[in-house]
Amino acid sequence: MTGARQIAPGVQAALLLLWVTLLGAVFATVEIQIEGGAGWAANLPTWRLDNSWLNLFWGGKTITGYHVWVFAFMALVFHLPLFITGLFSWRHEVRIIGSVMVFWIIEDFLWFLFNPAFGFGKFAPEFIPWHKHWMLGVPVDYILSLAAGVVLIGWSYRSTLKKETA
């Protein structure tokens, strides 16, 4: 590809995290417009699945049709570059999965922060019943997904650095 310029992996990782944060901020505002102050699709006309073993994969939260389709849509959006470029690698797949995980945590937190019905003052278990498990002042999902996402992204760039120095 002529005219393409390689960015250093550390800079690229930082830019990726900034971009994922921007995407999370924009999507949080979209979801605020859709859900208003009634989080986790409480007032949306969507199907719901409770009391199923599948709820374990959602941190104990109700599975809603809205969230299944929104999550699927965003996973497809994050994979779009693979289809645009025609370049697939497991390193890129790991980076995408990590980015999606970080995106959803950032998006969810910013939904509370930006939402006039919540704000930082109401970012607590007593105001957010759909996040059932909390630790260190945040939903456990945040800690687990953010840690896993950052590790996956870091690993994906580490393997790039090893290839470049070999």
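Bear in mind that the values in this text are calculations on the coordinates, not laboratory data. Being a predicted model, the structure only gives us computed values, none of them experimental. Cβ coordinates were reconstructed from backbone atoms using ideal geometry, including for glycine residues, and neighbour counts include every protein chain displayed.
Which whole-number percent gives the relative contact order of segment 9-165, counting Cα pairs below 8 Å spaced six or more residues apart?
Working: 143 pairs, mean separation 51.5, N = 157.
Reported as a whole number, the value is 33 percent.
For a protection proxy built on the mean count of beta-carbon atoms within 10 angstrom, sort 18-31, 74-87, 98-111 highest first, please.
Values: 18-31: 15.8, 74-87: 11.7, 98-111: 21.5.
Answer by packing, highest mean first, reads 98-111, 18-31, 74-87.
First measure r as the distance between the Cβ atoms of R158 and V68, then evaluate 1/(1 + (r/R0)^6) with R0 = 22 Å and state the FRET efficiency to the nearest 0.05. Walk me through the numbers on the way to the answer.
Values: r = 33 Å, r/R0 = 1.48.
FRET efficiency, R158 to V68: 0.10.
Just to confirm the number: angle between the C-alpha axis of helix 65-85 and the first principal axis of the chain, 0 to 90 degrees, nearest 10?
So the inclination is approximately 10 degrees.
Label-point separation (nm) for L113 and R91, each offset 7 Å from Cα along Cα-to-Cβ?
Distance between the two pseudo-spin positions: 3.1 nm.
Sort S145, S156 by Cβ crowding within 10 Å, fewest neighbours at the top. Working shown, then result.
On the way: S145 20, S156 23.
Going from sparsest to densest Cβ surroundings: S145, S156.
Short version: ³J(HN,Hα) in whole Hz for each residue of segment 27-38, in order, from phi by Karplus 6.51 cos²θ - 1.76 cosθ + 1.60 (θ = phi - 60°), x for Gly and Pro, what are they?
5, 4, 5, 5, 5, 5, 5, 7, 8, x, x, 9
Just from the alpha-carbon atoms, what are the Rg and Dmax of segment 34-94 in angstroms?
15.4, 42
Could you give each residue of segment 99-110 its phi-based ³J(HN,Hα) in whole Hz, using Karplus coefficients 6.51, -1.76, 1.60 with θ = phi - 60°, and x for Gly or Pro?
5, 4, 4, 5, 3, 5, 6, 4, 4, 5, 4, 5
Short version: ³J(HN,Hα) in whole Hz for each residue of segment 5-21, in order, from phi by Karplus 6.51 cos²θ - 1.76 cosθ + 1.60 (θ = phi - 60°), x for Gly and Pro, what are they?
Residue by residue, segment 5-21 yields 10, 7, 9, 4, x, x, 5, 4, 4, 5, 5, 4, 5, 5, 5, 4, 5 Hz.
In the neighborhood of A25, defined by Cβ-to-Cβ distances under 14 Å, what is the net charge if each Lys or Arg adds +1 and each Asp or Glu adds -1? List each step's numbers first, then the result.
On the way: positive: none; negative: E31, E107, D108.
That works out to -3.
Once the convex hull of the alpha carbons of the chain is built, what does its volume come to per residue, in cubic angstrom? Walk me through the numbers on the way to the answer.
Details: hull volume 24.1 nm³, N = 166.
Normalising the Cα hull of the chain by residue number yields 145 Å³.
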